[in-house]
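Novice: Quick one: the structure is below, questions incoming.
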Protein chains: 2
Amino acid sequence: MKFSKLFIPTTKEMPSDATLPSHQYLVRGGFISQNGSGIYDFMPLGKIVLEKIRKIVKEEMDEAGALEVQFGFVTPLSLWEESGRDLTMGNEMLRFKDRKGTSFVLSPTNEESVVNMVKNRITSYKDLPVHLYQINTKFRDEARPRFGLMRGREFLMKDGYSFHSSEEDLVREFNLMEATYKKIYTKLGLDFRVVEADSGAIGGSGSKEFHVIASSGEDTIVVCDSCDYAANIEAAKRKKIEYNFEISVETKVETLNTITIEDVSKLLNVPTEQTLKAVIKKAIFKEGLKIAIFFVRGSDELEETKAVNSINALEIIDATNEEISEAGIVAGYCGIKNLPKNVLVVVDSELEGSNSIVCGANEENYHLINVDITKIENIVFKDLVAVKEGDICNCCGGKLSYTKGIEAGHIFQLGTKYSKAMNANFLDENGKAKPFVMGCYGIGVSRLVAAVIEQNHDDKGCIWTKQTAPFMVDVIVSNSKNEDEAKAGEDIYQSLRKLGIETILDDRINARFGFKIGDFELLGFPYAIIIGKKLSEGIVELVDRKTLEKVEVKIDEVVSKISDLIK
Amino acid sequence: MKFSKLFIPTTKEMPSDATLPSHQYLVRGGFISQNGSGIYDFMPLGKIVLEKIRKIVKEEMDEAGALEVQFGFVTPLSLWEESGRDLTMGNEMLRFKDRKGTSFVLSPTNEESVVNMVKNRITSYKDLPVHLYQINTKFRDEARPRFGLMRGREFLMKDGYSFHSSEEDLVREFNLMEATYKKIYTKLGLDFRVVEADSGAIGGSGSKEFHVIASSGEDTIVVCDSCDYAANIEAAKRKKIEYNFEISVETKVETLNTITIEDVSKLLNVPTEQTLKAVIKKAIFKEGLKIAIFFVRGSDELEETKAVNSINALEIIDATNEEISEAGIVAGYCGIKNLPKNVLVVVDSELEGSNSIVCGANEENYHLINVDITKIENIVFKDLVAVKEGDICNCCGGKLSYTKGIEAGHIFQLGTKYSKAMNANFLDENGKAKPFVMGCYGIGVSRLVAAVIEQNHDDKGCIWTKQTAPFMVDVIVSNSKNEDEAKAGEDIYQSLRKLGIETILDDRINARFGFKIGDFELLGFPYAIIIGKKLSEGIVELVDRKTLEKVEVKIDEVVSKISDLIK
C-alpha cells in the first residue's frame, strides 16, 4: 500500500489518561481511536494488526479440530437465569430491555449460549467430543475502563467451549489447547509463560493462564529459574521447608507490649519461622459476614485469593479493631488456642505437623511457647502463603522469582457446572443421561494488540513482531518531489510486493524526511529502506526498527537482503 | 472435513414461524440457531458460508481501494445527538444506560462514528478521497423480527463511508462502488439487478439498490425487458404517454351515485385515462397532521412512497370519511377545482399540460368535464404514479414488468448531511473550510446467506452456489461399516483435498444411506459422489445437487470429472 492512499493519522498529541506505552503509541500512531469510555475504534493500520492476530488464532484453532461458530452478541437474560449467573455476574454484565420490555444482555462470555446450542442437538456419547469456538465482540461494563485496549469494555475475544463424555477426555483437550495456545503465542513472536492459575469465579478444577511477559503487566507471576514452572501469585506453590525446632513443654510467657512478629521473635529469641502470624479478616458470604483468622508462619505473608478460596467466601476485607475485640479476639496476642467458637480458622498447610511454635495466648501481654499443633483437634489446613522470591521450586528445586505478565489467555476445566445447571445431558454407553463435561478456553484478541506493544517498544514508538506488523517494510522516499528518488522507491516497492512481502511506500509529497522517519519509528514496521542522497551512487539505507541500526546497501541488493532478513 | 468430526445437527423439525425457504432450510440444516427474537447463532456450517461471503466482500472492497476499519458496536448516544439522529431514528435504535448512567446505543449504522473518526484527522483536500469500511455486527430493534436471517435484529453488515472534496469525486466513487457491488454479487453466483431507489430517510441525492431476484422478495422491482433499466417500485419511472382528447368547454354534469372511476367512465363515455382519481390521505408531519389529496389519472394507481416524498411527510395514512368531510371535501366527487384552502394538493407530473379532463365537482352527484388543467394556477406537479406492468421504458421504449427482489445492497450519495451537522470540515485549494462530501455503501452480509437460498433451493433443501457452498463435494459412503466402501471414500476424499477442492466425507458409521442422501439434499452441497454397491465394479455415482441427476462414473475418473465441473 502507499502511504498517500492510506489513512494513518499519526499525531504527537497523547491522550491525557494514557499511562501505558501501548495506549500512548497505538493512539498516537493512528491505530485506534477512542469512541467512548473503554470503547475503541480500529483505524486501518490497527485493523490490519487485529486481523493478523485473529487469523493466527483461527488457523491454530482449526488445526486443533475446533469448529468456528458465532453466537449472538446480544443474548436474552433468560439464558443467564437458567445457569443462575444473572445473580452472580454483577454490574460488569450490561443488561437492558428491548422495545417490547424483554431483558437482554451484552455477552461478557458465552458459556450459556454454547450450552444452549449443543443441548438437545448432541444427545449421544458417540457425537462427542465437540469443541466450538468463536472470535467475536464481548462487552464488560468495567467499573474503571483504562489502559486503552488493555482493559476496555468492548473487546474482541476468542472463546472456545468443549464438550466431553468424561473427565479424561476433557483433560486430553485441555492439554491440546495448552499446546495450541503455545503455538499461537510463539507464532505471534511473543515472550510468554504458561502459568498455573486460580480458577476464580468461573468455577471448575484445572486452569492455566497465558501471560505475555511485560514490565507493565498487572499480574505478578512466580517463575522458576531452572524449570518451566510458572504460576500466578494467587496460585503459586513452593517446596515446603521442614524445620526441626527444639521440643519442650507448652508454656505461657509474659510478653508486655510485644505485638509484632519481629518484637516477639527478638524478645523470645526464636526465628520468625517459629512464630505464628494471625491475619484477622471480615469474610463476606452470600449469607452474611463472619470473622475469619488465617494463620501463616511469622516469616510468611498471606495470599488473599488463597484465603478467599480456602473458606469459599465472596471476598475478604480487613476487620476493624472494634470488630476484632467484639468477636472475642485479643488483637496482637491472637493465637491458635483459646479462640472464640464463632470465628472461622484456617491454618497454612505448611504448618501441618509443626510443634514448638510460638503464638499469642489470646490474652493481653501473653504468648504461648512450644505449642504442638499436632495436638490441636479439628484444624483446617489449606494453602495460604504468598510465595516469595527466593523460595524453592516444588517441581525441580530451582529458585523462584517474580516477573510481571499480561494475561492474554486462560484455559479452564469447567466440568459439569454449566451443563448441570442448564440440564444439558447426553446418553452414555449404557443409555444413562449424564451432564456434558466441559472445558472453556479464552484468548483476548484485541488485548493482544496492546500486549505486543507492551512487550515490544522503545521511547520512540512501537516495534511490531514480524507476525503482527501491519507492514514488514517501509520504503521511505526522502524527498518525493525528486523524480529519481520517487522512481527508485516505486521500483523497490513493486519488487518487494512481487515477492509477497508486505510493504508500504512512503510516497507523501508534502511530508519532510524527518517526519517520515518519525512516523516509521512511531508506527514500528520491522524494517525501513531509505532512498536518499546516496541514490546517485546506487546506495540506499536499511534500518532495523528494533535496534535502529542503519546500514548502507547497494540498491540492487536491498530486496534480496530484506528477503533474507524476514525469513 | 469429516462429517463425524463436524457439528451439523440436521433435523426434520421446522420452526413454527418459518414461512420462507431460507428460514426453514437454514434452521433444519443446522446452519443457524435462534438465540432470541431476531437473533441467530451461526453453527459451524453457517459460519463457513458467512465467512465465504465476508471474504468476497472484503476482497472486492480492498481491490477498490477502500480501507477496512472497525467501529465500536456500542456507541455513545452523544454522537447521535451531534447529528440530530437521536431524534429521528425512532425505536429501531436500541438505547441503554451503562453502570454509570451514561446513554449508549447499539449501532444500527455508523455514519456518526465514521465522521467522528475522520473529523480533525483529515484536514486538507490533499488527503481526500478516503473510503473507510467495516464488516461488523449491527442491531436494529425491529418491531416484528421475522423471516430468519432476512429481517433479524442482530445482523452482519458491510458498511462503507467515503469522503470527498467535491460532488464530482463522490459520483466517481459511487460509480466505482456500483461496479464493485456488481462484481461481488456476480462472484457470489447470484442473479441480481441494480435498481434505482428511493433515498428515504437516510437523505442525500442519488441512491441505488442491489436486489437478489427471488419470488419471495419483499420488494417489487420494475424491470425493462430490453435494457438494463430496473427500479424499485417506489422510484420507478416510465415513458409518459401523450393523450389527445377532444377539447371542449368545461361543464358541470349530473352524475348521480357515480363515485368510482369505472362508473364515471361508463356514464360519461370517456376512457379512464381521461378521468382524474383523487386519493385522500392524512399526512403526518413533525408539526402535526394535514389532509392531503393526490391526483393521478383514473387509469393509474398512487405510489405511496412517492406521495410521502412529494410533500416531505413522515408518513401518510388513510383518511376516514369523517375526516374527509370535516375538511370540506366531498368523498367520491373530489376534483381539482373548488377545493378547501387548508388541504395539501399534489398532481401527478404526467397530467401537466392536460386538458379535457373529467373530475369530481366537489359537489355531491356532480362531475366536471372538459377541465383544462393548464388553466389552474399554483398546481404542484410531482411524480406520483405506480408504474404498471406493460408500461413503456423511459430509457429504451421496451416493455416494463414486475419482479420480486431481496434488497442486499444499497449505495447512497449522502452529500454533506452528516458532515455539516457534525461540523466536519476540510480546507479546500483556497484554504476555505468546507464540509466533507460523503457517500455511504451497505451490503447485508448475513442477509445474503438467506438470499442465496431464497434464490437457490428446491422442495428438498438448499442449493448453494459454488462460491457460497460450505463444501463443494459431499463424498457419501453408503455403508461406512463396509471397509472397502469406507476406504474408497477416504481415498477420493484425500484426492479431492489434495487438489484444493473443499470436500466433506460422510463417514458416519451409524447413519443409514437414505439419511446421508437426505442430508446431502437438505444441506445443498453442489455435488455428491456416492460410493455404493457398484464399487466392486469400479463404479461410483456423481450427483448434481441442482438437477439431482445421477450419473455413473468410473472410480478412477471421478476426481478429474469433479475438477472439470467446478472450474
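The values are calculated or read from the model by the stated rules, or taken from the named source; none is laboratory data. What you see is a predicted model, and the numbers here were worked out from it, not measured in a lab. As a convention, Cβ positions derive from the backbone with ideal geometry for all residues, glycine included, and neighbour counts pool all protein chains shown. Remember, those area values only see protein heavy atoms, side chains included, never the ligands or the DNA or RNA. Shrake-Rupley method; radii C 1.70, N 1.55, O 1.52, S 1.80 Å.
Novice: For the structure I just gave you, tell me whether B:Asp86 is out of contact with any Leu (no Cβ under 9 Å at 6 or more places or on another chain) and either more than 8 Å from chain A (Cβ to nearest Cβ) or buried (at least 23 other Cβ atoms within 10 Å of the Cβ) (or both). Show your work before the answer.
Specialist: On the way: out of contact with any Leu (no Cβ under 9 Å at 6 or more places or on another chain): no; either more than 8 Å from chain A (Cβ to nearest Cβ) or buried (at least 23 other Cβ atoms within 10 Å of the Cβ) (or both): yes.
Answer is no for this residue.
Novice: Does B:Lys97 satisfy being at the interface with another protein chain (Cβ under 10 Å from one of its Cβ atoms), under 19 Å from A:Arg99 (Cα atoms) and surrounded by fewer than 17 Cβ atoms within 10 Å (Cβ to Cβ)?
Specialist: On the way: at the interface with another protein chain (Cβ under 10 Å from one of its Cβ atoms): yes; under 19 Å from A:Arg99 (Cα atoms): yes; surrounded by fewer than 17 Cβ atoms within 10 Å (Cβ to Cβ): yes.
Here the answer is yes, as B:Lys97 does meet what is asked.
Novice: Let me ask something else about it. Name the single residue, out of those in the range A:121-141 being open to solvent by 20 Å² or more (accessible area, probe 1.4 Å) and in contact (Cβ under 8 Å) with a residue 60 or more places away in the chain, that is nearest to B:Gly90 (Cα to Cα). Full working, then the answer.
Specialist: Residues of the range A:121-141 that are open to solvent by 20 Å² or more (accessible area, probe 1.4 Å), as a first pass: A:121, A:123-129, A:140.
Going one step further and asking which of them are in contact (Cβ under 8 Å) with a residue 60 or more places away in the chain, we end up with A:123-125, A:127-128.
Values: A:Thr123: 44, A:Ser124: 47, A:Tyr125: 49, A:Asp127: 46, A:Leu128: 46 Å.
So, considering only residues that are open to solvent by 20 Å² or more (accessible area, probe 1.4 Å) and in contact (Cβ under 8 Å) with a residue 60 or more places away in the chain, the one nearest to B:Gly90 (Cα to Cα) is A:Thr123.
Novice: If you don't mind, there's one more thing I want to ask. Are any residues in the range B:465-493 closer than 19 Å to B:Ser563 by Cβ and over 41 Å from the mean Cα position of the chain (by Cα), and if so, which ones?
Specialist: B:Ala488, B:Gly489, B:Glu490, B:Asp491, B:Ile492
Novice: Please specify each residue of the range A:297-340 satisfying the condition of being within 21 Å of A:Tyr366 (Cβ to Cβ) and among the acidic types (Asp, Glu).
Specialist: Of all residues in the range A:297-340, those within 21 Å of A:Tyr366 (Cβ to Cβ) come to A:297-298, A:321, A:324-340.
Of everything in the range A:297-340, just one residue is within 21 Å of A:Tyr366 (Cβ to Cβ) and among the acidic types (Asp, Glu), namely A:Glu326.
Novice: Condition first: out of contact with any Pro (no Cβ under 7 Å at 6 or more places or on another chain), under 30 Å from A:Glu521 (Cα atoms) and open to solvent by less than 10 Å² (accessible area, probe 1.4 Å). Can you find one or more residues in the range A:73-81 that meet it? Break it down stepwise before answering.
Specialist: Quick first cut of the range A:73-81, residues out of contact with any Pro (no Cβ under 7 Å at 6 or more places or on another chain) only: A:73-81.
Still in the list and also under 30 Å from A:Glu521 (Cα atoms): none.
Looking through the range A:73-81, none of the residues is out of contact with any Pro (no Cβ under 7 Å at 6 or more places or on another chain), under 30 Å from A:Glu521 (Cα atoms) and open to solvent by less than 10 Å² (accessible area, probe 1.4 Å).
To keep it simple, each residue is scored yes or no on (1) open to solvent by 30 Å² or more (accessible area, probe 1.4 Å); (2) under 28 Å from A:Leu87 (Cβ atoms); (3) at pLDDT 95 or above.
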position	(1), (2), (3)
A:His164	no, yes, yes
A:Glu168	yes, no, yes
A:Thr180	no, no, yes
A:Gly204	yes, yes, no
A:Ser207	no, yes, no
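Novice: Now a separate question. Considering (1) modelled with pLDDT of 95 or more; (2) in a loop (DSSP other than H, G, I, E, B); (3) within 10 Å of another protein chain (Cβ to nearest Cβ), say which one B:Pro108 fails and leave the rest.
Specialist: Just one mismatch for B:Pro108, condition (3).
Novice: Which numbered condition in (1) open to solvent by less than 100 Å² (accessible area, probe 1.4 Å); (2) more than 17 Å from A:Tyr366 (Cα to Cα) is the only one that A:Gln274 fails?
Specialist: Every condition holds for A:Gln274 apart from (2).
Novice: Across the range B:7-30, which residue is surrounded by the most Cβ atoms within 10 Å (Cβ to Cβ) among those that are touching an Asp or Glu at 6+ places or on another chain (Cβ under 9 Å) and away from chain A (no Cβ under 14 Å)?
Specialist: B:Ser22
Novice: Which of (1) farther than 26 Å from A:Lys375 by Cβ; (2) buried (at least 19 other Cβ atoms within 10 Å of the Cβ) is the odd one out, the single condition A:Lys266 does not satisfy?
Specialist: Checking A:Lys266 against (1) farther than 26 Å from A:Lys375 by Cβ; (2) buried (at least 19 other Cβ atoms within 10 Å of the Cβ), the one that fails is (2).
Novice: So which residues in the range A:399-412 are open to solvent by 10 Å² or more (accessible area, probe 1.4 Å) and more than 21 Å from A:Ile135 (Cα to Cα), if there are any at all?
Specialist: A:Lys399, A:Ser401, A:Tyr402, A:Thr403, A:Lys404
Novice: How about the range B:413-439: which of its residues are in contact with a Ser or Thr (Cβ under 8 Å, 6 or more places away or on another chain) and either open to solvent by less than 20 Å² (accessible area, probe 1.4 Å) or on the phi > 0 side of the Ramachandran plot (or both)? Give the steps one after another, and end with the answer.
Specialist: Step one: list which residues in the range B:413-439 are in contact with a Ser or Thr (Cβ under 8 Å, 6 or more places away or on another chain), which gives B:413, B:415, B:418, B:421-422, B:425-428, B:434-439.
Listed by number, the residues that qualify are B:Gly415, B:Tyr418, B:Met422, B:Phe426, B:Asp428, B:Phe436, B:Val437, B:Met438, B:Gly439.
Novice: Shifting gears a bit: From the set of residues in the range A:48-72 that are in a loop (DSSP other than H, G, I, E, B) and buried (at least 21 other Cβ atoms within 10 Å of the Cβ), which is farthest from the other protein chains (Cβ to nearest Cβ)?
Specialist: Going through the qualifying residues, I end up with A:Ala66.
Novice: Mind counting the residues in the range B:148-166 that are part of a strand (DSSP E or B), within 11 Å of chain A (Cβ to nearest Cβ) and either touching an Asp or Glu at 6+ places or on another chain (Cβ under 9 Å) or within 18 Å of A:Pro44 (Cα to Cα) (or both)?
Specialist: Number satisfying all stated conditions: 1.
Novice: So, one more: Could you list, ordered by first residue, the pairs with Cβ atoms under 7 Å in which the first is in the range B:517-534 and under 20 Å from B:Ile492 (Cα atoms) and not assigned by TED's automatic domain parsing to the domain that holds B:Phe31 and the second is aromatic (Phe, Trp, Tyr) and part of a helix (DSSP H, G or I), at least 6 apart or interchain?
Specialist: Short answer, once both residue conditions are applied: B:Ala528/B:Phe520.
Novice: Write out, first by first residue and then by second, each pair whose Cβ atoms fall under 6 Å of each other, whose residues are 6+ apart or on separate chains, and whose first residue, in the range A:364-375, is at positive phi while the second is at pLDDT below 95 and open to solvent by less than 40 Å² (accessible area, probe 1.4 Å).
Specialist: Hits for this filter: A:Asn370/A:Ser356.
Novice: If the requirement is being within 14 Å of another protein chain (Cβ to nearest Cβ), open to solvent by 10 Å² or more (accessible area, probe 1.4 Å) and out of contact with any strand residue (DSSP E or B) (no Cβ under 6 Å at 6 or more places or on another chain), which of these qualifies: B:Glu521, B:Glu502? Reasoning before the result, please.
Specialist: Working: B:Glu521 fails: within 14 Å of another protein chain (Cβ to nearest Cβ).
From the options B:Glu521, B:Glu502, the qualifying one is B:Glu502.
Novice: Can I ask one more? Mind checking which residues of the range B:323-347 are out of contact with any helix residue (DSSP H, G or I) (no Cβ under 9 Å at 6 or more places or on another chain), open to solvent by less than 30 Å² (accessible area, probe 1.4 Å) and within 14 Å of B:Ile376 (Cβ to Cβ)?
Specialist: B:Gly335
Novice: Starting from the range B:326-350, take each residue that is not assigned by TED's automatic domain parsing to the domain that holds B:Lys290 and list its partners that are open to solvent by 50 Å² or more (accessible area, probe 1.4 Å) and outside any loop (DSSP other than H, G, I, E, B), counting only C-beta distances under 6 angstrom and pairs at least six apart or across chains.
Specialist: So the pair list comes out empty.
Novice: Among the residues of the range B:112-121, is there at least one that is facing another protein chain (nearest Cβ under 10 Å) and not in a helix (DSSP H, G or I)?
Specialist: Within the range B:112-121 (the criterion being facing another protein chain (nearest Cβ under 10 Å) and not in a helix (DSSP H, G or I)), the answer is yes, since at least one residue qualifies.
Novice: Between A:Ser37, A:Ser33, which is facing chain B (nearest Cβ under 9 Å) and at pLDDT below 95?
Specialist: Criteria check complete, one pass: A:Ser37.
Novice: What about B:Leu45, is it assigned to a helix (DSSP H, G or I), at the interface with another protein chain (Cβ under 8 Å from one of its Cβ atoms) and crowded, with 21+ Cβ neighbours inside 10 Å? Step through it out loud before you land on a result.
Specialist: Details: assigned to a helix (DSSP H, G or I): yes; at the interface with another protein chain (Cβ under 8 Å from one of its Cβ atoms): no; crowded, with 21+ Cβ neighbours inside 10 Å: yes.
Spelling it out, it is not the case that B:Leu45 is assigned to a helix (DSSP H, G or I), at the interface with another protein chain (Cβ under 8 Å from one of its Cβ atoms) and crowded, with 21+ Cβ neighbours inside 10 Å.
Novice: Now, a different point. For B:Ser103, which of the numbered conditions (1) polar (S, T, N, Q); (2) open to solvent by 30 Å² or more (accessible area, probe 1.4 Å); (3) in the same structural domain as B:Leu20 (by TED's automatic domain parsing) fails to hold?
Specialist: Tallying (1) polar (S, T, N, Q); (2) open to solvent by 30 Å² or more (accessible area, probe 1.4 Å); (3) in the same structural domain as B:Leu20 (by TED's automatic domain parsing), B:Ser103 fails exactly one: (3).
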